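Data first, discussion second: the structure below is written as C-alpha cells.
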Amino acid sequence: MKTYKVLLAGNSRKLISTFFLQMDAAFECVTSSIIFDDLKNHIKYFKPDIFIFCMRSETRDDLVTIGSFHDVLDKNGIPFGAIGDAASLEYASKIPNCIPELSIRLPMTTPDMEDTIVRFIREHQANLTSEADSALSTALGANASNAFDTLAQLDALIENVEKEPEKGLWGRQPESPDRPRILVVDDATIIHKTIKGYLDSRYEVATAISGKIALRFLKTKEVSLILLDYEMPDLNGPAVLEELRKDPYLAAIPVVFLTGINDTEKIKNALALKPQGYLLKPVDKESLLAKIRELID
C-alpha cells in the first residue's frame with residue numbers, strides 16, 4: 001500500500017494522535033502549529049500530498065491564518081482538507097478562503113476516514129497528472145536533456161543505495177544542510193509553539209505530542225537533537241530515552257530533557273539517565289540556544 005505524506009495542524013490532539021497511531025500504514029504524518037511561517041516551512045521542507053486541519057475550538061484568528069495559508073497550498077498544488085463536527089466546519093466556511101477541498105464531518109470511523117482521504121488524494125493526483133501530460137510532452141520535445149537529468153538523479157540514488165544497502169531505498173528523510181532538524185516531544189502544544197517561535201529562523205522544528213508518536217517519527221526522519229519532556233502520560237521521557245538507546249542510530253542523537261519539576265531528587269534521577277542536558281520550563285530562549293549551540297552547531 002502506498003504511503004501518502006500528510007501535514008496536520010489544529011487543536012484536536014485526539015484526532016492528530018489517531019493519524020499517527022491508527023493510520024500510519026497509509027500516511028506519513030508531520031504536525032505543525034497554526035503559525036503562518038511554520039506552516040509555510042513545512043510545505044517547503046516536508047512537501048506533503050495533502051494538508052489536513054484537525055478542528056476543535058479554533059479561534060477566528062486561527063481560521064484567518066488557515067485561509068491565508070490556503071493560497072500557499074494552491075500555489076503548490078496541495079489540497080486543503082478539514083475534519084471537524086458540523087458546527088466547526090460551518091464556522092470555517094464563513095471565513096474568507098477557508099473552505100476546504102475535502103470536508104470530513106465527524107463522527108466517522110477511522111477506517112472510513114482513512115479511505116476517504118486516500119481516495120481523495122489519488123483523484124487529486126490523477127487530475128494533476130492529466131493536466132501536466134501535455135505540458136510535459138511539450139517540454140521534453142523542446143529540451144530532451146530533461147529526461148537525461150531525471151535518469152542521472154535515479155542513477156545517483158541507486159549508487160547511494162549500493163554504498164549503504166542497510167538503509168534501504170529510501171532510508172530516513174535527511175535534514176536540509178542549512179537547517180538542522182530538532183524534534184520537540186511534549187504533550188503540551190504551547191511548548192511546541194514557544195520553541196518553534198524561538199528556533200524557526202534557523203532550525204527545522206518538528207513536534208510530537210507523545211513518546212509513541214516521536215518514536216514513529218524517528219523511523220522516517222533524521223534529526224540532530226531531541227528535546228524531550230520528562231513527564232508525559234503513557235510513555236514518559238525516561239521510557240522514551242530507553243527506547244532510543246536500543247537503536248544504534250537513535251542512540252547517537254543528543255537528548256535534552258524538558259522538565260517543569262523543581263524537586264531536587266527528580267532532577268538527580270533525570271541526570272542519572274545521562275541525557276546531554278536538561279532545561280527547566282518555562283524554557284528560557286537564551287538557555288535553549290546556548291544548549292543547541294553546544295550540542296549541534
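The values are calculated or read from the model by the stated rules, or taken from the named source; none is laboratory data. Here the structure is a predicted model, which means the values were calculated and not measured. Cβ placement follows ideal geometry from the backbone for every residue including glycine, while neighbour counts extend to all protein chains displayed. Please note that ligands, DNA and RNA were not included when accessible areas were found on the heavy atoms of the full protein model with its side chains. Shrake-Rupley method; radii C 1.70, N 1.55, O 1.52, S 1.80 Å.
A few remarks follow.
- For segment 214-283, the solvent-accessible area of protein heavy atoms averages 50 Å² per residue (probe radius 1.4 Å; ligands and nucleic acids excluded).
- Largest to smallest accessible area among 65, 189 [probe 1.4 Å]: 189, 65
- Qualifying trypsin sites (Lys or Arg not before Pro) in segment 43-99, DSSP loop, other Cβ atoms within 10 Å at most 12: 94
- Which of 108, 23 is most accessible, then next, and so on - probe 1.4 Å: 108, 23
- With a Förster radius of 41 Å applied to the C-beta separation of residue 220 and residue 60, the computed FRET efficiency comes to 0.70.
- Equivalent ellipsoid dimensions for segment 1-93 as semi-axes, Å, which come from the Cα gyration tensor, largest first: 20, 17, 11
- Estimated at 0.36 nm per residue, the fully extended path between residue 110 and residue 188 surpasses their Cα-Cα distance by 25.6 nm.
- Pairs from 75/221; 193/285; 2/193; 14/212; 5/75; 14/94 whose Cα-Cα separation, in the structure shown, is over 23 Å: 75/221; 2/193; 14/94
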